[in-house]
1. Can you pull out the residues in segment 72-124 that are on the phi > 0 side of the Ramachandran plot and modelled with pLDDT of 95 or more?
2. Could you list, in sequence order, the residues of segment 54-81 that are within 23 Å of Glu18 (Cβ to Cβ) and of a type in the set (Val, Ile, Thr)?
3. Here is a list: Arg105, Arg177, Arg167, Arg183. Which entry is charged (D, E, K, R) and under 20 Å from Phe33 (Cα atoms)?
4. Out of all the residues in segment 130-174, which are open to solvent by 30 Å² or more (accessible area, probe 1.4 Å), farther than 25 Å from Leu112 by Cβ and in contact (Cβ under 8 Å) with a residue 24 or more places away in the chain?
Amino acid sequence: MNTTFQDKRPDDVRQLTEDWVRSMVVGLNLCPFAAPVLKDQSLRFFVSEATTEKQLTVDYLQELDNLMQADEKDISTTLLIAPYMLADFYDYLDMLTEFEILLERAELEGVLQLASFHPGYLFGGVPADDISHWTNRAPYPTFHIIREAQMSRALTSFKNPEDIPERNIQRLEKLGRDGLIKRFPPFADYC
């Protein structure tokens with residue numbers, strides 16, 4: 001990840017992440033459930049200013065609580081963005097594992113789930129230069145906290161949801177690296 005991202009103000013981090021969601025996630029329909037929550041402004045973007053795992057964990061637990069206390073119409077899902085730490089993808093994965101353990105300890109498994117995004121995202125067992133990694137690449141380390149019931153409802157109206165990952169990879173392959181950078185120029189800085 002380009003170190004200049006570490007110097008961004010929280011408002012800039014939020015804006016770049018929202019631009020990524022609009023351009024890539026919604027614009028390429030990578031997640032067919034993202035457009036409605038973006039449109040109705042129930043997608044929460046929370047930029048953590050944490051620089052330590054302890055601080056980030058506090059923010060994560062607060063975001064879990066915020067989501068559980070809020071009406072789904074107000075906050076349907078949350079992106080917890082960690083721009084000031086976890087630049088190393090494997091450190092990020094360690095933190096993701098810790099967050100999943102905390103979700104289980106809070107007895108929220110089956111209620112909430114996590115999706116993961118990182119500038120250097122790599123799927124295990126896939127060549128490092130494979131375009132498939134870009135389905136989970138975001139401007140900053142990001143933890144997506146999702147309401148499972150909402151996801152289940154959305155999946156019932158979507159034909160063949162199991163095909164989404166393969167369809168996304170095919171879209172990205174068609175665009176290629178240069179096409180992705182053209183669509184979202186900040187990718188050139190960190191991918």
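The values are calculated or read from the model by the stated rules, or taken from the named source; none is laboratory data. Computed from a predicted structure; not experimentally measured. A quick note on method: Cβ atoms are made from the backbone with ideal geometry, for glycine too, and the neighbour counts reach across all protein chains shown. Side chains are part of the model used for accessible areas, which takes the heavy atoms of the whole protein and leaves out ligands, DNA and RNA. Shrake-Rupley method; radii C 1.70, N 1.55, O 1.52, S 1.80 Å.
1. The answer is Leu86, Glu107.
2. Ile75, Thr77, Thr78, Ile81
3. Values: Arg105 fails: under 20 Å from Phe33 (Cα atoms); Arg177 fails: under 20 Å from Phe33 (Cα atoms); Arg183 fails: under 20 Å from Phe33 (Cα atoms).
Answer to the check: Arg167.
4. Result: Ile169, Arg171, Glu173.
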